[in-house]
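The values are calculated or read from the model by the stated rules, or taken from the named source; none is laboratory data. The structure presented is a predicted model; accordingly, all values stated were derived computationally and were not measured. Glycine also receives a Cβ, built like all others from the backbone with ideal geometry; neighbour counts cover every protein chain displayed.
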Amino acid sequence: ALCTISANSSTFPEPFDTPFPRRLGYVHRRFFGNRWSDHVTLLSVYGRWEQAHMQGEYAESAFCDQFSVSMPTMRVTHDAKNQLMTLLQSAGFPELSMAPDSYVFQGQDTKLDIVVGLLTMGYYPNICYHTEKRKVLTTDNRTALIHKLSVNCTNLPQKFP
């Protein structure tokens, strides 16, 4: 999971082809499950894309068209992930530690909780606290805005868990 997220973060941050570049549509938002995380959304989309990719080019193309997913972004993420895993294995990490795993994006999943916890630790102190709509406070008490293509961006009031 962390190899997938790292690979995407180092290549293309946007997994979706948005017809209207202002906000993500419902078709995109439904991938985030109940985690309110762009990284978890990416993991969910990538997992679904990978299943379609293994069924052949037609299934991959149909999936990307149906959910407005960027096929080039997914393919580059896939290649970067494999390259990262090869580097980690050559550095001595066991191959078993990089075995694919499945996650429950709707509901409880302790494995996904661990992934989110590791991401939080890795990004600290670059984390924030949501105040209202798009506004967040950074750890040094500065105001910032949620990116408009984030699954967390909406004009409606949000209540995060």
Those residues that are closer than 18 Å to Asp17 by Cα, in a helix (DSSP H, G or I) and within 18 Å of the chain's Cα centre (by Cα), I need them from segment 47-73; list them, please. Gly47, Arg48, Trp49, Glu50, Ala52, His53, Phe63, Cys64, Phe67, Met71, Pro72, Thr73
Long-range neighbours under 9 Å by Cβ, at least six apart or interchain, first residue modelled with pLDDT under 75 and in a loop (DSSP other than H, G, I, E, B) within segment 22-37, second surrounded by fewer than 13 Cβ atoms within 10 Å (Cβ to Cβ) and among the hydrophobic types (A, V, I, L, M, F, W, C): Gly33/Val104
Given the structure, is Val45 in contact (Cβ under 8 Å) with a residue 24 or more places away in the chain and surrounded by 11 or more Cβ atoms within 10 Å (Cβ to Cβ)? yes
Among the residues in segment 74-91, are any at pLDDT below 90, outside any loop (DSSP other than H, G, I, E, B) and either over 28 Å from Cys128 (Cα atoms) or hydrophobic (A, V, I, L, M, F, W, C) (or both)? no
Hey, does segment 63-78 have a residue that's surrounded by fewer than 17 Cβ atoms within 10 Å (Cβ to Cβ) and under 13 Å from Ser6 (Cα atoms)? yes
Residues (outside any helix (DSSP H, G or I) and polar (S, T, N, Q)) located in segment 107-128: Gln108, Asn126
Of all residues in segment 89-115, how many are surrounded by 15 or more Cβ atoms within 10 Å (Cβ to Cβ) and among the aliphatic types (A, V, I, L, M)? 3
Of the conditions (1) part of a helix (DSSP H, G or I); (2) of a type in the set (A, V, I, L, M, F, W, C); (3) under 18 Å from Gln51 (Cα atoms), Val104 clears all except one; give me its number. (1)
